[in-house]
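Here the structure comes first, spelled out in structure tokens, and everything after it is commentary.
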Amino acid sequence: MTTTRFAPSPTGYIHVGNLRTALMNYLIARKAGGTFILRIDDTDPERSKEEYVDAIKQDMEWLGLHWDRIERQSERLDRYAEAADKLREMGRFYEAFETPTELDLKRKKQLNMGKPPVYDRAALNLSDAEKEALRAERGNGVWRFKLDHERIEWNDGILGDISIDAASVSDPVLIRGDGQVLYTIASVVDDTEMGVTDVVRGSDHVTNTATQIQIIEALGGTCPRFAHHSLLTGPQGEALSKRLGTLALRDLREQGVQPMALLSLMARLGSSDPVELRSDMAELIEGFDVNRFGAAPTKFDVQDLFPLTAKHLQSLPLADVADAVAEAGVPAELAEPFWAMARENITTLGDLKGWWELCRDGAEPLIADEDRDFIAEAVALLPEGPFDGETWGTWTKAVKEATGRKGKSLFMPLRKALTGMERGPEMATLLPLLQVIRARG
Ligand code: GLU
């Protein structure tokens, strides 16, 4: 059965880049009727924070990306220790004692000689006595996985056929000197034991994948299908890494971005299918295919989320936005006509308040000198209430007959006098909502 996972480290808020990974894994699982696991990669006790775990869950719930199971790496440390023992027994795991400065020096020397900066495996030549002495002097060493020096190959769901020479990669450190288990092995153990069949993650993980394939094979597991999506850039192709801090999902939520707008964009951006606003999750799932994504960096412009949000809101019935309409201050009896008027004229739900204030308080009238008499005449012709959708038509017809004005010179001065603006909602739907006028009617 298809099983996927989204595996964030709870060291910060999740942003649009993480969302892309989460969504792709989610959609693959749902499309196949499989299982979607939320895995919290919290093996780093210093950087992992409970508040971020909560925030990740909230953000996922806001988007409707419901998980079938949650797993936490911090609760599975014994499993990782067991796997480490297995690798040790197999002779695929060795302790190394170089300090970061020594490693740095080695790298520089290699680069100077035009060689790739790959760990030279000096630790493999240490005798037991030498290791003992180093341990006494420096404390426990790190544990590295001994790669088989052969080509590592896989067919990537996005990048196509990949072939990496293991000799060009350093033996990965899987356990730190202080005993902390690192992601590279924890992830392999989890993916294997949890039956993960498909892994989609960012292309910054391609080298990890190569080493993880060998670890999975050493531990006797089955490799999942891998797909590595490109990284997001800003609209001009600039690196987004520094700005991702401001593209946290919670910031977007606060700016009024609607989940469906965000999901619709992310499910297609960087693929050969066009971005289309989807009305619900079922449509997103139906229209998703991970193999349609390209390897090139993907341009992301936060501004694209607003027209999609506006379009999504336009499609919603009052029932879906009733809370927001009430929060804007609209009395329940006016909610229906207010929403019918406002939904065509907002970008986010945050704009509702402004339209309600216009309805409730009226606007500073905008009246040109040459229109003063006309407006006075029009006001005198305002019909008796109650007002409805017909009132604007009846009224402007009467004003037209009385003043001889028509077209723009008839409608525009009335609009400006009533709303203080040259553009805005349909006057026929707005007029019955203008409380000052209603009071007269
Ligand atoms: N915790 C890792 C990350 O956030 C997970 C990578 C993976 O999906 O394997 O980069």
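The values are calculated or read from the model by the stated rules, or taken from the named source; none is laboratory data. All values reported here derive from a predicted model rather than from experimental measurement. Every residue, glycine as well, gets a Cβ built from its backbone with ideal geometry; the counts of neighbours run over all protein chains shown. SASA here: full protein model, heavy atoms, side chains in, ligands and nucleic acids out. Shrake-Rupley method; radii C 1.70, N 1.55, O 1.52, S 1.80 Å.
List of remarks:
- Residue that is farthest from the ligand (Cβ to nearest atom) [pool: residues in segment 29-83 that are part of a strand (DSSP E or B) and crowded, with 19+ Cβ neighbours inside 10 Å]: Thr35
- Condition broken by Ser203, with the remaining ones in (1) out of contact with any helix residue (DSSP H, G or I) (no Cβ under 9 Å at 6 or more places or on another chain); (2) away from the ligand (no atom under 16 Å from the Cβ) satisfied: (2)
- Figure legend. Inter-residue proximity from segment 1-15: first residues over 13 Å from Leu249 (Cβ atoms), second residues of a type in the set (D, E, K, R) and within 7 Å of the ligand (Cβ to nearest atom), beta-carbon distance below 6 Å, spacing 6+ or different chains. Indicated pairs: Ala7/Asp41; Ser9/Asp41.
- Residue within segment 167-187 that is surrounded by 21 or more Cβ atoms within 10 Å (Cβ to Cβ), closer than 22 Å to Asn25 by Cβ and among the hydrophobic types (A, V, I, L, M, F, W, C) present: yes
Each row is one residue, and each column tells you yes or no for (1) at pLDDT below 95; (2) more than 25 Å from Leu316 (Cβ to Cβ); (3) open to solvent by 70 Å² or more (accessible area, probe 1.4 Å); (4) not in a helix (DSSP H, G or I).
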residue: Lys353; (1), (2), (3), (4): no, no, yes, no
residue: Glu364; (1), (2), (3), (4): yes, yes, yes, yes
residue: Phe374; (1), (2), (3), (4): no, yes, no, no
residue: Ala378; (1), (2), (3), (4): no, yes, no, no
residue: Glu384; (1), (2), (3), (4): yes, yes, yes, yes
residue: Gly393; (1), (2), (3), (4): no, yes, no, no
residue: Thr396; (1), (2), (3), (4): no, yes, no, no
residue: Gly424; (1), (2), (3), (4): yes, no, no, yes
residue: Pro432; (1), (2), (3), (4): yes, no, no, no
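- Residues satisfying the stated conditions in segment 1-12, i.e. within 13 Å of the ligand (Cβ to nearest atom), among the hydroxyl-bearing types (Ser, Thr, Tyr) and under 24 Å from Gly270 (Cβ atoms): Thr4, Ser9
- Looking only at residues in segment 188-211 that are under 23 Å from Ser241 (Cβ atoms) and not β-branched (Val, Ile, Thr), the one that is most open to solvent (accessible area, probe 1.4 Å) is Asp204.
- So Ile28, is it out of contact with any helix residue (DSSP H, G or I) (no Cβ under 8 Å at 6 or more places or on another chain) and closer than 30 Å to Leu265 by Cβ: no
- A residue that is in contact (Cβ under 8 Å) with a residue 24 or more places away in the chain, of a type in the set (Phe, Trp, Tyr) and under 25 Å from Val199 (Cα atoms) cannot be found anywhere in segment 305-317.
- Output for segment 53-94, where each listed residue is under 20 Å from the mean Cα position of the chain (by Cα) and aromatic (Phe, Trp, Tyr): Trp62, Trp67
- Yes/no for Tyr119 being touching an Asp or Glu at 6+ places or on another chain (Cβ under 9 Å) and open to solvent by 40 Å² or more (accessible area, probe 1.4 Å): no
- Contact annotation: residue pairs with Cβ atoms under 9 Å, 6 or more positions apart or on different chains, pairing a residue in segment 375-397 that is touching a residue at least 40 places away in the same chain (Cβ under 8 Å) with a partner that is of a type in the set (S, T, N, Q) and open to solvent by 70 Å² or more (accessible area, probe 1.4 Å), are Pro383/Thr394.
- Condition met for Asp42 (among the charged types (D, E, K, R) and under 16 Å from the mean Cα position of the chain (by Cα)): no
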